[in-house]
Amino acid sequence: MIYKRSSALFAAAQKVIPGGVNSPVRAFKAVGGDPIFVKEAKGAYLYDEDANRLIDYINSWGPMILGHAYAPVVDAVIEKARKGTSFGMPTEIETQIAELAVSMVPNIDKIRFVNSGTEACMSAVRLARGFTAKDKIIKFAGCYHGHSDSFLIQAGSGAVTFGSPNSPGVTQGTAKDTLLARYNDLAHVESIIASNKGGIACIIIEPVAGNMGCIPPEKGFLEGLRVLCDTHDILLVFDEVMTGFRLAKGGVQELLGVDADIVTFGKVIGGGLPVGAFAAREEIMDHLAPLGPVYQAGTLSGNPLAMAAGLAMLTELNNNPGIFKSLADKTEYLHIGITKALEDHNIIHTVNRIGSMISVHFSKDAVVDFDTAAHGNNDTFKRFFHGMLDNGIYIAPSAFETWFITEALTYNDLDETIGVVQKVAKTL
């Protein structure tokens with residue numbers, strides 16, 4: 001495929017935008033080459049500025065669960081835009097989407113809308129700290145909760161340690177209150193709690209990880225976290241920015257039957273527009289201003305266009321619960337096809353999958369946490385990525401990102417994708 005115009009646009013963008021992109025993963029740093037500039041999209045397909053058609057497996061990193069330019073969502077946004085794009089005042093539609101979201105998700109009474117997943121997770125942690133009157137949090141290596149200072153922490157030395165910042169601009173003072181645990185390692189979490197008795201406000205986790213590839217929780221892991229939190233007066237925060245309204249109507253809480261104390265949302269809940277949200281039972285949410293002392297605000301929170309898109313999306317999912325099985329079936333079909341294609345050419349790999357999330361790791365070992373994800377052959381992934389792209393398949397430009405399946409994909413699209421995997425595997 002030819003990407004002449006995309007390359008020219010990227011060159012122009014680099015002169016006025018840092019790195020030429022407004023979010024780093026778009027820059028293709030992990031895989032090499034110039035990013036693809038999209039002109040438009042419809043259903044399961046992207047159309048770039050060089051008129052190439054690409055089958056899309058990132059779907060705006062998750063929200064396009066029903067496909068790009070999904071008519072009910074587009075129509076809702078257009079209708080709302082004609083009445084004004086922002087007011088900075090309450091609107092009825094905010095209550096409508098809140099009522100629907102609360103009805104779909106177990107174990108929440110109230111929800112507050114913000115403008116991004118980062119903002120939702122940042123606010124959830126602040127709320128947890130305010131509610132518990134404790135400072136420290138536990139997060140997991142490889143789980144991404146946005147770019148708030150508290151979350152940009154990597155491990156220090158030793159089994160139990162304070163975190164250290166892995167981005168300039170994050171202070172040691174902030175880092176000392178973030179404790180880093182290993183995903184799917186309950187004993188490690190227990191040891192951290194034991195070393196910080198009475199000081200931990202919350203454990204925040206992607207209940208299904210999507211930022212080190214797709215990594216489902218091992219049996220008993222989330223349940224064990226729930227018990228630890230109950231035992232030690234710690235709040236359990238599920239970051240369902242990716243998984244909420246995608247893996248089930250009620251997200252991972254419904255799918256796996258484990259209750260969180262606070263849940264964060266993004267992606268699907270905005271129907272493709274910039275939206276985040278956090279929710280909990282009433283006694284926790286009522287600690288927020290204007291009812292309580294924990295301050296959180298946003299001029300564009302509850303923006304009418306975003307609320308219209310989100311309400312249209314959630315309404316479709318709520319009215320058609322069979323979509324989630326259909327998505328899971330398509331993802332399983334793709335999993336089986338990819339596995340066979342790679343095995344036919346003796347390519348060392350492992351595939352992780354849950355619901356409509358899937359990732360391919362070029363590793364002989366099971367991928368269960370950040371360390372095992374990092375053992376994958378990144379050079380093989382780079383060749384795989386560009387081979388797929390050159391044959392009209394767009395996957396995440398990083399070995400550490402999950403793929404997201406959309407209901408707009410047909411089985412013909414899946415067969416075409418599997419055929420490309422078979423072709424590319426010959427070159428790996």
Self-check item: Positions within the stretch 185-209 being surrounded by 20 or more Cβ atoms within 10 Å (Cβ to Cβ) and in a loop (DSSP other than H, G, I, E, B), in sequence order
Solution: Glu206, Pro207, Val208
Practice problem: Output the residues belonging to the stretch 282-296 that are in contact with a strand residue (DSSP E or B) (Cβ under 8 Å, 6 or more places away or on another chain) and surrounded by 14 or more Cβ atoms within 10 Å (Cβ to Cβ). | Solution: Ile284, Met285, Asp286, His287, Leu288, Val294, Gln296
Exercise. Output yes when any residue across the stretch 86-99 is modelled with pLDDT of 95 or more, within 30 Å of Asp261 (Cα to Cα), open to solvent by 60 Å² or more (accessible area, probe 1.4 Å) and of a type in the set (S, T, N, Q), and no when none is.
Key: yes
Practice problem: Please state which of the following conditions Leu222 fails to meet, knowing it meets all the rest: (1) of a type outside the set (S, T, N, Q); (2) open to solvent by 10 Å² or more (accessible area, probe 1.4 Å); (3) in a helix (DSSP H, G or I); (4) closer than 28 Å to Phe400 by Cβ. | Solution: (2)
Exercise. Only residues in the stretch 213-229 that are free of Cβ contacts under 8 Å to residues at least 40 places away in the same chain and at positive phi count as the first member; pair them with residues that are buried (at least 16 other Cβ atoms within 10 Å of the Cβ) and not aromatic (Phe, Trp, Tyr), Cβ under 9 angstrom, at least 6 apart or cross-chain, and list the lot.
Key: Gly220/Leu186
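For the stretch 24-79: of the residues being in a loop (DSSP other than H, G, I, E, B) and at positive phi, which is farthest from the chain's Cα centre (by Cα)? Don't jump to the end; show me each part of the working.
So in the stretch 24-79, the residues in a loop (DSSP other than H, G, I, E, B) come out as 28-37, 44, 49-52, 57-58, 62-67, 69-70.
Those still in the list that are at positive phi too: 28, 32-33, 51, 62, 67, 69.
Values: Phe28: 19, Gly32: 23, Gly33: 24, Ala51: 29, Gly62: 7, Gly67: 17, Ala69: 20 Å.
Step by step, filter the stretch 24-79, then rank; the result is Ala51.
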Practice problem: Starting from the stretch 351-370, keep only residues that are over 11 Å from Ile338 (Cβ atoms), then list their pairs with residues that are open to solvent by less than 10 Å² (accessible area, probe 1.4 Å) and among the hydroxyl-bearing types (Ser, Thr, Tyr) whose Cβ atoms are within a distance under 6 Å, requiring at least 6 positions of separation or different chains. | Solution: Asn352/Ser359; Ser356/Thr331; Met357/Thr402; Asp369/Tyr183
Quiz item: Has the stretch 262-272 got at least one residue that is surrounded by fewer than 23 Cβ atoms within 10 Å (Cβ to Cβ) and at pLDDT 95 or above?
Solution: no
Quiz item: Of the numbered conditions (1) assigned to a helix (DSSP H, G or I); (2) free of Cβ contacts under 8 Å to residues at least 60 places away in the same chain; (3) farther than 17 Å from Gly270 by Cβ, Val125 satisfies every one except a single condition; which is it?
Solution: (2)
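So in the stretch 371-415, with the set limited to residues that are of a type in the set (D, E, K, R) and within 28 Å of Met313 (Cα to Cα), which one is least open to solvent (accessible area, probe 1.4 Å)?
Filtering the stretch 371-415 down to residues of a type in the set (D, E, K, R) leaves 371, 379, 382-383, 390, 401, 407, 413, 415.
From the residues that got through so far, the ones that are within 28 Å of Met313 (Cα to Cα) too are 401, 407, 413, 415.
Values: Glu401: 32, Glu407: 53, Asp413: 5, Asp415: 72 Å².
Among them, the one singled out is Asp413.
Restricting attention to the stretch 12-23, which residues are of a type outside the set (D, E, K, R) and part of a loop (DSSP other than H, G, I, E, B)? Walk me through it before giving the result.
Looking only at the stretch 12-23, we keep the residues that are of a type outside the set (D, E, K, R), and these are 12-14, 16-23.
Answer for the stretch 12-23, where residues must be of a type outside the set (D, E, K, R) and part of a loop (DSSP other than H, G, I, E, B): Val16, Ile17, Val21, Asn22, Ser23.
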Quiz item: Quick check: is even one residue across the stretch 148-163 under 21 Å from Asp261 (Cβ atoms), modelled with pLDDT under 85 and not in a loop (DSSP other than H, G, I, E, B)?
Solution: yes
Practice problem: Just one of (1) touching a residue at least 24 places away in the same chain (Cβ under 8 Å); (2) over 20 Å from Ile405 (Cβ atoms); (3) not in a loop (DSSP other than H, G, I, E, B) trips up Val252, so point out which. | Solution: (2)
Exercise. Could you please find all residues in the stretch 306-323 being of a type outside the set (Val, Ile, Thr) and open to solvent by less than 30 Å² (accessible area, probe 1.4 Å)?
Key: Ala306, Met307, Ala308, Ala309, Gly310, Ala312, Met313, Leu314, Leu317
Quiz item: Does Phe113 satisfy the condition of being crowded, with 22+ Cβ neighbours inside 10 Å, farther than 26 Å from Gly210 by Cβ and either touching a helix residue (DSSP H, G or I) at 6+ places or on another chain (Cβ under 7 Å) or of a type in the set (S, T, N, Q) (or both)?
Solution: no
Practice problem: Kindly list the number of the only condition in (1) open to solvent by 20 Å² or more (accessible area, probe 1.4 Å); (2) outside any loop (DSSP other than H, G, I, E, B) that fails for Ile137. | Solution: (1)
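With respect to Phe37, is the statement that it is modelled with pLDDT under 95, within 20 Å of Ile393 (Cβ to Cβ) and not small (Gly, Ala, Ser) true? Let's see the steps before the verdict.
Details: modelled with pLDDT under 95: no; within 20 Å of Ile393 (Cβ to Cβ): yes; not small (Gly, Ala, Ser): yes.
Criteria not met by Phe37.
Which of the following residues is within 18 Å of Ser398 (Cα to Cα) and in contact with a helix residue (DSSP H, G or I) (Cβ under 6 Å, 6 or more places away or on another chain): Phe362, Phe370? Working first, answer last.
Details: Phe370 fails: in contact with a helix residue (DSSP H, G or I) (Cβ under 6 Å, 6 or more places away or on another chain).
Exactly one of Phe362, Phe370 is within 18 Å of Ser398 (Cα to Cα) and in contact with a helix residue (DSSP H, G or I) (Cβ under 6 Å, 6 or more places away or on another chain), namely Phe362.
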Quiz item: On the given criteria, is Leu247 in contact with a Cys (Cβ under 6 Å, 6 or more places away or on another chain) and buried (at least 23 other Cβ atoms within 10 Å of the Cβ)?
Solution: no
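With respect to His345, determine if the residue is over 30 Å from Met313 (Cα atoms) and open to solvent by less than 70 Å² (accessible area, probe 1.4 Å).
Values: over 30 Å from Met313 (Cα atoms): yes; open to solvent by less than 70 Å² (accessible area, probe 1.4 Å): yes.
The answer is yes for His345.
The values are calculated or read from the model by the stated rules, or taken from the named source; none is laboratory data. Just so we're clear, the structure is a prediction, and the values are computed from it rather than from any experiment. Here the Cβ is made from the backbone with ideal geometry for all residues, glycine too, and neighbour counts use every protein chain on show. SASA here: full protein model, heavy atoms, side chains in, ligands and nucleic acids out. Shrake-Rupley method; radii C 1.70, N 1.55, O 1.52, S 1.80 Å.
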